[in-house]
1. Apply the a/c threshold of 1.5 to the C-alpha gyration tensor of segment 103-206 and tell me whether it is rounded, prolate or oblate.
2. Can you work out ³J(HN,Hα) from phi for every residue in segment 242-252, in order, using Karplus 6.51 cos²θ - 1.76 cosθ + 1.60 and θ = phi - 60°, giving whole Hz and x for Gly and Pro?
3. I'd like the Karplus ³J(HN,Hα) series for segment 354-370: coefficients 6.51, -1.76, 1.60, θ = phi - 60°, whole numbers in Hz, and an x wherever there's a Gly or Pro.
4. Sort 193-206, 63-76 by the packing proxy (mean of other Cβ within 10 Å over each peptide's residues), most packed first.
5. Semi-axes of segment 208-266's equivalent ellipsoid from the Cα gyration tensor, sqrt of 5 times each eigenvalue, largest first, rounded to whole Å?
6. Using each residue's phi in segment 221-228, evaluate 6.51 cos²θ - 1.76 cosθ + 1.60 at θ = phi - 60° and report the 3J(HN,Hα) Karplus result to the nearest Hz, with x for Gly and Pro.
7. On a 26 Å Cα-Cα criterion, which of the cross-link pairs Lys83/Lys180; Lys111/Lys148; Lys93/Lys377; Lys148/Lys175; Lys90/Lys182; Lys90/Lys111 come out too long?
8. Take every Cα-Cα distance within segment 144-289, group them into 5 Å bins from 0 onward, and report for each bin the whole-number percent of pairs it holds.
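The numbers here are math on the coordinates, done by the rules we state, and not lab data. As the structure is a computational prediction, the values presented were derived from the model and not from experiment. Note that we place each Cβ from the backbone using ideal geometry, even for glycine, and neighbour counts take in every protein chain shown.
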Amino acid sequence: MSHSRNICKLVELYSITIRPVVMSIDYCIVESLNKALFFSAVEAMSANKYKNILDEWHALSKECIEMERKHDVYLSKMRELSKQQEACLKAVKHASYRLNQINADFKSLEKNTKVDEEDASDIETMKREMVELESKLAEMKGELPVPKNGLYLSIILGSNLNLSLLNKNDRYRYKQDYEKFKLSVTYAQLLLIVVALIFRARIFDSLLNFVLVWYYCTLTIREAILSINGSRIKGWWMTHHYVSCVLSGVTLTWKDSECYRAFRTQFLLFVLYIAFVQVLQSQYQRGCLRRLHALGQRYTMDITVEGFSSWMFRGLTFLIPFLVLAYIFQFYNCYVLITLYNMMDCAGQWQVPALAVMFFLVACCNSFTLLRVIINKFKQSGSYSTLFYMQTKYRFNKLE
C-alpha cells in the first residue's frame, strides 16, 4: 500500500517539475530547427538572386561591348558623312558658279549675235538642260547642311545650331506643320476678338495684342528656317510679319485713353477681317502644298502640271478681292489715326502717329507686292522653268 503511494507521488512530482522542462526543451529544439531551416532557405534564395543578378550583369556587359562597337562604327560613318557633305557642297558651289558664268556669257552673246538656224535646236536644248541643271543643283544644295543660319536666327537661336532639313520629306512635313500652326492660332485669335468685342475690358484687348505679338514673332522664326532650307518666301512677306509684330506691340503699349477707345472697335474689326483672310490664305496654301506633293508623286496620283497651274491661278484670283479689301482697310486705318491725332486730345500718345505710319507702309508694300505677284504669274505661266520646278519640288527619293 505504501509502495503504491510512493509511485503516485513520484508520477505527480514528474508531471509538476520534470515534464514541463522536457517539453520546453523539445519546443526549443524544434524552434531552433525551424529557424535553421528558414535561414538556410533564405540564404539559398539570396544566393540564387545574386546569381541571377550576376548572370544579368555579365549578359549586359557583353551587350555593351557590342554596343560600343556599333557606336564606333556610327561615329566613323558620321565623320565620313561630314567629309562627303563638305565635298559635295564645294562641288555644288563650283557647278553653280560655272553655270552662272555660262548663262551670263550666253545672254550677252544672244544680245549681240544672231543665232544660226543650224544651232537653233541645240541652243533650245541647252536652255532646257540649263534650267534642269539649275533645279538639280538647288535640289542638291537643299539636301546638304546649311552653312549659315542667317543673322536673325543666329541672334535668336545661336549660330552653332544645325537647322538643316536634309530631305524633301522633312521639308514637306515642316511646311505642313507651319501651315497647321498658322491656322490653329488664327482660330484662337478669332475667339479672342469675339470675346474682346463682347466684353469691353482692356484686359481682353491686351491679351489679344500679346497673342498677336507672340504669333508674328513665332512666324518670323519659322519662316526664317523655311527660307534657309530653300523655300521661296517673298522678302516683303517676311518683313511684313516683323512690322506686324512691332505694330501689335505698339498697340499693346497704348494706354486706355479716349483716343484709344475711339479707335478700339475699328481696330478689332480690322483684326477680325485679317484673321478671316488668313484662314482663306491658309486653305489656299495648304491646297497648293498638297497638290505640289501630289505632283511630285504623279506616278501614283492623278494630277498634271497644267491642271495644278490652272487651279493655283483660280485660287489666287479668288483671294485677290479679299486681299485688296484688306489693304484698303489698312489705308483707312492710317487715315482715321491721323484724323484722331488732329481732332482729339492725343498729346503724349506717340502710338497714334507711329501706328499711322506703319499702317500706311504696310498697305503700300502689300499693294505693290500683290501687283508684282500677279504680273509674275502671267509671265511665268507655262514657262518651262516654272513647270520643271513644280514637278520636282516635292518629288521624294526612293530611299525616303
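1. Prolate, because a/c is 1.5 or more and a/b exceeds b/c.
2. With the stated coefficients, segment 242-252 comes to 4, 5, 5, 4, 5, 4, 5, x, 5, 4, 4 Hz.
3. Listing the rounded values in order: 5, 5, 4, 5, 5, 4, 5, 4, 5, 5, 5, 5, 4, 5, 5, 5, 4 Hz.
4. Highest to lowest by the protection proxy: 193-206, 63-76.
5. Semi-axes (√(5λ), whole Å): 30, 10, 7.
6. Taking θ as phi minus 60°, the curve returns 5, 4, 5, 5, 5, 4, 5, 6 Hz for segment 221-228.
7. Those over the limit are Lys83/Lys180; Lys111/Lys148; Lys93/Lys377; Lys90/Lys182; Lys90/Lys111.
8. In order of increasing distance, the bins hold 2, 9, 17, 20, 17, 13, 10, 7, 4, 2, 0, 0 percent.
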